[in-house]
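One structure below.
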Amino acid sequence: VELHNCGFWRPKSLLDIARFTLSFNSRHRKKHQDIQALWKHETVQKYLETLSKEYQQVSHLLNADSINDLEQKALRTRWANLSPIAAAFQEIREAERELQELNAMCRELDSRDEKQLLELALEEKETLDKKINMLCRKLFQLLVPKEKYDRSHVILEVTAGRTTGGDICQQFTKEMFEMYQNYADYKRWTFDIVNYMPAEIGGLHHAAAHISGDDVYRHLKYEGGTHRVQRIPETGLSSRMQRIHTGTMSVIVLPQPEEVDVKVDPKDLRIDTFRAKGAGGQHVNKTDSAVRVVHLPTGLTVECQQERSQQINKEIALQTLRAKLYQQIIEKQLSQEQSARKLQLGTRAQSERIRTYNFTQDRVTDHRISYDARNIKEILSGKEALDKLINRLLEYAEIEAVTEYLENLQA
C-alpha cells in the first residue's frame, strides 16, 4: 500500500484497474444517467471494490504492532474516511441480493398465478428499489468531496427583468420571492428581508434576503440564473385579448460563510440616506431611515430600508456589501471547482435561462435536466413540489460530480 498524492491510501494495482474506459462522455452526460445506472457501471464497481479491499487492508494494518505512531495516525485518518464508504457499499450489495431473491419470487408467483402474493411482492420490490436508490445517493455523497460553501448561509436577490407586456415581470418576481420565503419556512430556515423595492402595481422590482440555516447554499445554489415566465396578464389589454406574454426575472445566490472578514476602507464608501417606501411608492415613515451604500472602487451598490433605525439599516447594508465583495473573491474558485459540471450550467452565468414557468400549460421546465413538473401553484407555494425539484437537481449534480471525480482519477 502506498500513500497517494491526494492523501488517499490505495493499492498500486488500482493504477492498472484505473485505465478507465469511461463511457461518461458528453453524449451520456446529456442523457443524465440515473443514479443506479451509474452505480452499476463496471468502472464504479471496480473502484468501490478496490476501496473496500483497501479498507480491509488498513483495518488489518492498524492491528499490527510493527507500525509507528506517525503511520498509525495516517492509517486511522484513512480508516475514518473509508469506513462509511465501505459500510454503504456493503449495505447496497446486501439490498441487491434481497432484490434478486424478490425477483425470483415474483417470477415463481407469476408462473403459479398467485396474484395477491405477487402484488405484495411487487410492492416490497418497489420499496427495496427506492431504498437502493437512496443508498446509492448516500454512497456517492460520501465518495465525492463536499463543496466548500455548501453549509453556508446565503444572500438571495431577485430582480425583475424587462418586457413590453407591462408589469408581468414585476408580478412574477414578487411570486418568486414569496416562493423562496415559503421554502425557507418549509425547511425551517431563517429568512430576513434586507431590501424590498415594490413596484407600483402590486409587483416587485428588486428584493434581497439573508437566509440562514442548515445547508442553505447546498439547496439554493442551483437557483441562481434567469427564470422565464409565460402567461396571460390578469389585467390590461393583453388579458382581454388573451395574449400570452413572456417575461424574465433573475435570481442571484451568494454564499455567505458565518464570518465574512472583508476590510472596507470608509474612504471608499458613499453613504446616502432616504425615506423608506412601501407599495405604491408611498413613504412608510417620516425620517430618512433607509440607507444606500456605494462602494466607489467597484461600483457595487446595496440598500436597506427594512428597519426603522438608520444605524441598523446601515449595519445590514455594510454586511451585505462585504458579502458581495467576498463573493468576488471566491467567484474564481467556485468557477474552477464547477467548470466541468454540466449541471451548474457551464459558466454559472446569471444570464442563462435555467427554468421556464408556463402558466398556460401549467408546467415548470428546468432546462438543465430536461425536467417537467406540473401544477405551477404547487411549485410557487415553496413546499414539497419545489423541494422535489431542487432535490432532483442535487441528485443530477451528484451524478455529474461522481463522473468528474472518476475522470480526474483517470487523468
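The listed residues are Ala74, Ala88, and the only one of them that is closer than 22 Å to Leu143 by Cα and within 31 Å of the chain's Cα centre (by Cα) turns out to be Ala88.
The number of residues in the range 360-391 that are surrounded by fewer than 16 Cβ atoms within 10 Å (Cβ to Cβ), touching a strand residue (DSSP E or B) at 6+ places or on another chain (Cβ under 7 Å) and in contact (Cβ under 8 Å) with a residue 12 or more places away in the chain comes to 4.
Of the helices (runs of 4 or more DSSP H) lying entirely inside the range 153-254, the ones with 3 or more residues being modelled with pLDDT under 90 and not polar (S, T, N, Q) are found at 237-241. All of Arg97, Arg137 fail the test of being part of a helix (DSSP H, G or I), out of contact with any strand residue (DSSP E or B) (no Cβ under 6 Å at 6 or more places or on another chain) and closer than 22 Å to Val402 by Cα, apart from Arg137. For the range 320-335, how many residues meet the condition of being modelled with pLDDT of 80 or more and polar (S, T, N, Q)? Residues in the range 320-335 being modelled with pLDDT of 80 or more and polar (S, T, N, Q): 1 in total.
Residue-by-condition table, conditions (1) closer than 18 Å to Gly225 by Cβ; (2) acidic (Asp, Glu); (3) in the same structural domain as Glu307 (by the TED database):
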position	(1), (2), (3)
Asp129	no, yes, no
Gly161	yes, no, no
Asp167	no, yes, no
Gln181	no, no, no
Tyr186	no, no, no
Val194	no, no, no
Ile201	no, no, no
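When you go through Arg107, Arg93, Arg97, Arg112 one by one, which is the residue that is open to solvent by 70 Å² or more (accessible area, probe 1.4 Å) and at pLDDT 90 or above? None of the others qualify; the one that does is Arg97.
What about Asn68, is it over 30 Å from His210 (Cα atoms) and in contact (Cβ under 8 Å) with a residue 60 or more places away in the chain? In short, no.
The values are calculated or read from the model by the stated rules, or taken from the named source; none is laboratory data. Owing to the predicted nature of the structure, the values given are computational and were not obtained by experimental measurement. Backbone-built Cβ (ideal geometry, glycine too); neighbour counts: all protein chains shown. Ligands, DNA and RNA are stripped out before the accessible areas are found, and what is left, the full protein with its side chains, is counted by its heavy atoms. Shrake-Rupley method; radii C 1.70, N 1.55, O 1.52, S 1.80 Å.
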